Amino acid sequence: MRTYIPKRLLLMIPTLVGITLLAYAIVRLAPGDPIEAMILAQSGDIDPKVMRQSAERIRERLGLKDINYWGDDVATHLEQLEKGDDAAKGRAAAELERITGKTFARDIDSWKKWWDVNRFDFEKTLIDPAEKVVNVFHGYGRWVGHIVQGNFGESIKYRSSAYRTPDGHGSRNPIHLFLERIPVTLTLNVVAQFFIFLIAIPVGLTAARHRGRLFDRGSTLILLGFWSVPVILSGTLLLVYLCKGGEGMEWFPLAGLHALDAEDLGWWDYLVDTLWHATLPVACMVYGGLAYLAKLGRASLLENLRADYIRTARAKGLPEHRVVYHHALRNSLLPMITTVVLMLPAMIGGSVIVETLFTIQGMGLLTVNAAKAYDLSVIMTSTLVYGTLTLMALLIGDILYAWADPQVRYE
Amino acid sequence: MSDARTTEAGEPTGAPKSYGAIVWGQLRKRPSAMISLAAIVLLALVSIAAPFIIGEIPVRWVENGETSWPIFRYLSNFEYAAMLALVLAVTVPLTMRLLRPRALIAGASPFTWTVLVHAGLWLIITFALVSFREPERRYGFYLERADQVDAAWFPAIAYPRNPGYRELAFKNQSPSWEHPLGTGRLGNDILMGVLYGARTAMSIGFVAVGISMSIGVILGALSGYFGGWIDLVLMRIAEIFMCIPRLILIIIILTVIPSNWPPLWMVVFVLSVTGWTGSYRMMRAQMLRIRTEDYMTAARALGIPLWRLLGRHAVPNGLAPLLVGATFGIAGAVFLESSLAFLNLVQTPSWGEMLNNGRQHPEHWWVWASAGAAIFVTVFVYNLLGEGIRDAIDPRLKI
């Protein structure tokens, strides 16, 4: 076990690198210019020159600033030419002449004038395809460098004067947005998963014990029916007929996970309030997951009930309940750990719709809103956050499995 | 050939049945699976025949003694392609019988030949249609002129396809004989929405799952058969895709795709790109088992070329478990597609979109009830069929 966990952690690294590559590739390989599309989505019809300027600023903030690779160099050299010592000025001027083919020598004003006029055309023309491939890697390196430093870019949509950043934009680092919302989504998922277990396992086991009879067939059909009801339908119905402001009973709140005055409540009232708010969302997440787990539990128990050791136990004259619950059940729960862990990514992703329907400020709603607002840094961060969370869930599952089954070899 | 153990048609009688035949035999014993299969065929038929059921273009039109069949001019090339696909799928057994003697000489299974011939036919005809046929798009004013002509056969429900001034007078009507599922807030007929939504759902389900399964099967077969670095690289790639929840990945990809691209094909694209990992893993596991089987050793010893070794001997033996994944996959695709339309991330004529519209006016219950029921029924029959196939291929059942 002591060597197993570090080994498992090391194996996560290539996958994590792959996830960052995927996140970057989706934005970079997208047809068209995603940054310019983002600006269009934000501000509608604007002057192309202004658009290019803002696109450049955004690229810089996202760490995607590679089309300006040369422009970047020119800017540095210009600065050197202006402020550096004599040797630096000489080098900068020589570099500038080499890159641009202009011969202004050390005449800083001419350089600046030329640069103001030609900057965008210059940047576009200097990029040849081979250079572009290099630039993509260059940009990827920069982006990863920023992420390692904890800078995930800036959100376009989520701005607030309360979170004023040093450059005065008021935009927020996407990772903070996610850190605020991870507990909400995880809590919802863990509670839902708990209820799925609580209901599905007994149903599955009972079905296995009554194989082929009414309970077995009935429960399979009903759970399959539940599975087939889309959350978008059931959620809508619950919202319309059970929530305040709807058509029917006004039993539950319409949105959110807390009442507006939740901060002032005592811990007991706070808990009750949260439970009251969470009932419908959790119900929406639970009913669809029952069929799969019940079927799994049923198959697992059936397989164990056919095993030789069960025949031995029966032959010894053990009472039936002891055979089933003490011998077969324990062995059949074990393989389910892996399956349940594999279900986690789907669960975490599945709460997107529930969060959107019930306006719960979780990761899913954040991602959907970011997608609609073309908030690229938040979108890229969401890929990373979801990927990391799932990897951690898989790790915990593997460790649990190794811990529960001593026969697992740690290779 | 006239051995005592073969019949006149050349089929061995005493030989064991093929795995596919066993699974089909098991499946036929299950009424629920058969009912769901029939429902799926019906759904496919209805969605292909939608313009004949509801719409404004008459099937037959007699004006001044001249008879014409307008609907066939108005049907789009894709509608013809879909009809052709259905006809070709239904006639597979016929062609198989026709090809059998020749196929045996060529040494490949008649089924493979039939599928190849039909796929080729479909591709050629579809290509010809798209290249040379221009469907009629002009507005014919057929409904307005219906009283003035000698005879007209309209679709069962004659109603304009496009929401316009005409229909606004009929908006938000509850179900009636004229509009069996009522009308929406623009006077759009809900039954028409359900039918055209069925087209979206069925085509996206079939095409997306077909593409993603093909990707998964090919990569899985290569990965499982060769092992080594191919397996290592492919497995890592699959792992990366599995680590990000599918809906999130889809939302992210849809965001960066330009919004003026056709939404239907974009949904197919994202579902295919994100959906292959399941069938990849299954095929890989099957391949790891199959490559050690005796018949594979025998085939290798006979010096059969690699593509035939994989295509004829290895892959077909690993396909049955993937069928379960395919049927559940189609159900999942219908779910995802309607969810994306519901969240307003794509603009397709979809049940999800209808549900989203219906949600804003819950008092017009027929809107959301029809869309929701359509999604439920479609997903339910696919899940039921998937359950049936899963039980049928369960090795613990007696074969």
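Among the candidates B:R291, B:R359, B:R312, B:R390, single out the residue that is out of contact with any Lys or Arg (no Cβ under 6 Å at 6 or more places or on another chain), over 21 Å from B:M213 (Cβ atoms) and not small (G, A, S). Steps first, answer last, please.
Numbers: B:R291 fails: over 21 Å from B:M213 (Cβ atoms); B:R312 fails: over 21 Å from B:M213 (Cβ atoms); B:R390 fails: over 21 Å from B:M213 (Cβ atoms).
One residue alone meets the criteria, B:R359.
Consider only pairs whose beta carbons are under 8 Å apart and that are at least six residues apart or on different chains; among these, list those whose first residue lies in the stretch A:143-168 and is surrounded by fewer than 10 Cβ atoms within 10 Å (Cβ to Cβ) and whose second residue is among the polar types (S, T, N, Q) and modelled with pLDDT of 55 or more.
Correct list of pairs: A:G150/A:N173.
Based on this model, can you work out whether B:R30 counts as surrounded by 17 or more Cβ atoms within 10 Å (Cβ to Cβ), within 24 Å of B:M202 (Cβ to Cβ) and basic (K, R)? Full working, then the answer.
Numbers: surrounded by 17 or more Cβ atoms within 10 Å (Cβ to Cβ): yes; within 24 Å of B:M202 (Cβ to Cβ): yes; basic (K, R): yes.
So B:R30 fits the description; yes.
Suppose we filter the stretch A:369-390 for residues that are more than 11 Å from the chain's Cα centre (by Cα) and surrounded by fewer than 24 Cβ atoms within 10 Å (Cβ to Cβ); how many remain? Before you say what the answer is, go through the steps one by one.
The first filter runs over the stretch A:369-390 and keeps only residues more than 11 Å from the chain's Cα centre (by Cα), leaving A:369-377.
Add one more test, that the residue is surrounded by fewer than 24 Cβ atoms within 10 Å (Cβ to Cβ), and what stays is A:369, A:371-374.
Residues flagged as more than 11 Å from the chain's Cα centre (by Cα) and surrounded by fewer than 24 Cβ atoms within 10 Å (Cβ to Cβ) within the stretch A:369-390 amount to 5.
Where residues in the stretch A:298-357 are of a type in the set (A, V, I, L, M) and in contact with a Pro (Cβ under 7 Å, 6 or more places away or on another chain), which of them is surrounded by the fewest Cβ atoms within 10 Å (Cβ to Cβ)? Steps first, answer last, please.
Quick first cut of the stretch A:298-357, residues of a type in the set (A, V, I, L, M) only: A:299, A:301-302, A:305, A:307, A:310, A:313, A:315, A:318, A:323-324, A:328-329, A:333-334, A:336-337, A:340-344, A:346-348, A:352-354, A:357.
Okay, now just the ones that are also in contact with a Pro (Cβ under 7 Å, 6 or more places away or on another chain), so A:346, A:348, A:354.
Values: A:A346: 17, A:I348: 25, A:V354: 26.
Out of the qualifying residues, it is A:A346.
Could you say which residue among A:L214, A:L177, A:L198 is among the hydrophobic types (A, V, I, L, M, F, W, C), modelled with pLDDT of 85 or more and closer than 26 Å to A:I337 by Cα? Give the derivation first.
On the way: A:L214 fails: closer than 26 Å to A:I337 by Cα; A:L177 fails: closer than 26 Å to A:I337 by Cα.
Being among the hydrophobic types (A, V, I, L, M, F, W, C), modelled with pLDDT of 85 or more and closer than 26 Å to A:I337 by Cα holds for just one of A:L214, A:L177, A:L198, which is A:L198.
Restricting attention to the stretch B:242-265, report how many residues are more than 8 Å from every other protein chain (Cβ to nearest Cβ) and surrounded by 21 or more Cβ atoms within 10 Å (Cβ to Cβ).
So the answer is 1.
Does A:E247 qualify as being farther than 24 Å from A:F197 by Cα, at pLDDT below 80 and within 14 Å of another protein chain (Cβ to nearest Cβ)? Working first, answer last.
Working: farther than 24 Å from A:F197 by Cα: yes; at pLDDT below 80: yes; within 14 Å of another protein chain (Cβ to nearest Cβ): yes.
Yes: the conditions hold for A:E247.
For the stretch B:103-124: of the residues being over 20 Å from B:G210 (Cα atoms) and surrounded by 11 or more Cβ atoms within 10 Å (Cβ to Cβ), which is modelled with the lowest pLDDT? I'd like the intermediate steps shown before the answer.
Quick first cut of the stretch B:103-124, residues over 20 Å from B:G210 (Cα atoms) only: B:103-110.
Now drop any that are not surrounded by 11 or more Cβ atoms within 10 Å (Cβ to Cβ), which leaves B:103-104, B:106, B:108-110.
Values: B:A103: 50, B:L104: 55, B:A106: 53, B:A108: 61, B:S109: 68, B:P110: 72.
The qualifying residue modelled with the lowest pLDDT is B:A103.
Quick one: A:T15 ticks every box in (1) within 21 Å of A:V378 (Cα to Cα); (2) at pLDDT 70 or above; (3) surrounded by 18 or more Cβ atoms within 10 Å (Cβ to Cβ); (4) more than 14 Å from chain B (Cβ to nearest Cβ) except a single one, so which number is it?
Evaluating A:T15 over (1) within 21 Å of A:V378 (Cα to Cα); (2) at pLDDT 70 or above; (3) surrounded by 18 or more Cβ atoms within 10 Å (Cβ to Cβ); (4) more than 14 Å from chain B (Cβ to nearest Cβ) leaves (4) as the failure.
Could you check the stretch B:342-399 and list, in sequence order, the residues that are at pLDDT below 80 and at the interface with chain A (Cβ under 8 Å from one of its Cβ atoms)?
Result: B:P362, B:E363, B:R396.
Looking at this structure, is B:G318 closer than 30 Å to B:Q286 by Cβ and more than 14 Å from chain A (Cβ to nearest Cβ)? Step through it out loud before you land on a result.
On the way: closer than 30 Å to B:Q286 by Cβ: yes; more than 14 Å from chain A (Cβ to nearest Cβ): yes.
It is true that B:G318 is closer than 30 Å to B:Q286 by Cβ and more than 14 Å from chain A (Cβ to nearest Cβ).
Report yes if A:L342 is of a type outside the set (S, T, N, Q), more than 23 Å from A:L389 (Cα to Cα) and within 14 Å of chain B (Cβ to nearest Cβ), otherwise no.
Numbers: of a type outside the set (S, T, N, Q): yes; more than 23 Å from A:L389 (Cα to Cα): no; within 14 Å of chain B (Cβ to nearest Cβ): yes.
No.
Take A:I399 and decide whether it is surrounded by fewer than 22 Cβ atoms within 10 Å (Cβ to Cβ) and away from chain B (no Cβ under 14 Å). Steps first, please.
Numbers: surrounded by fewer than 22 Cβ atoms within 10 Å (Cβ to Cβ): yes; away from chain B (no Cβ under 14 Å): yes.
When the stated conditions are applied, A:I399 passes them.
Hey, can you tell me all the residues within the stretch A:351-374 that are more than 9 Å from every other protein chain (Cβ to nearest Cβ) and charged (D, E, K, R)?
A:E355
Within the stretch B:301-310, which residues are closer than 17 Å to B:G227 by Cα and either in contact (Cβ under 8 Å) with a residue 40 or more places away in the chain or more than 33 Å from the chain's Cα centre (by Cα) (or both)? Before you say what the answer is, go through the steps one by one.
Step one: of the stretch B:301-310, the residues closer than 17 Å to B:G227 by Cα are B:306-307, B:309-310.
Scanning the stretch B:301-310 gives a single hit, B:L310.
Could you list all residues from the stretch A:31-68 that are modelled with pLDDT of 70 or more and not in a helix (DSSP H, G or I)?
A:D47, the sole residue that qualifies.
Restricting attention to the stretch B:210-239, and to residues there that are surrounded by fewer than 20 Cβ atoms within 10 Å (Cβ to Cβ) and of a type in the set (V, I, T), which single residue is nearest to A:P345 (Cα to Cα)?
Among them, the one singled out is B:I237.
Using the structure shown, decide if A:L22 is over 30 Å from B:M235 (Cβ atoms) and modelled with pLDDT of 75 or more.
Values: over 30 Å from B:M235 (Cβ atoms): no; modelled with pLDDT of 75 or more: yes.
The answer is no for A:L22.
For the stretch B:27-77, list the helices (runs of 4 or more DSSP H) that sit wholly inside it and hold at least 3 residues that are farther than 17 Å from B:A151 by Cβ and without any contact (Cβ under 8 Å) to a residue 60 or more places away in the chain; which are they? Break it down into steps so the answer makes sense when it comes.
Working: elements: B:31-48, B:50-53, B:70-74.
Ranges flagged: B:31-48.
Considering only the stretch B:187-286, give the helices (runs of 4 or more DSSP H) lying wholly within it that have at least 3 residues that are modelled with pLDDT under 90 and either in contact with a strand residue (DSSP E or B) (Cβ under 7 Å, 6 or more places away or on another chain) or closer than 30 Å to A:I39 by Cβ (or both).
On the way: elements: B:190-226, B:228-243, B:246-256.
Qualifying helices (runs of 4 or more DSSP H): B:190-226, B:246-256.
The values are calculated or read from the model by the stated rules, or taken from the named source; none is laboratory data. Here the structure is a predicted model, which is why all the values come from computation and not from measurement. As a convention, Cβ positions derive from the backbone with ideal geometry for all residues, glycine included, and neighbour counts pool all protein chains shown.
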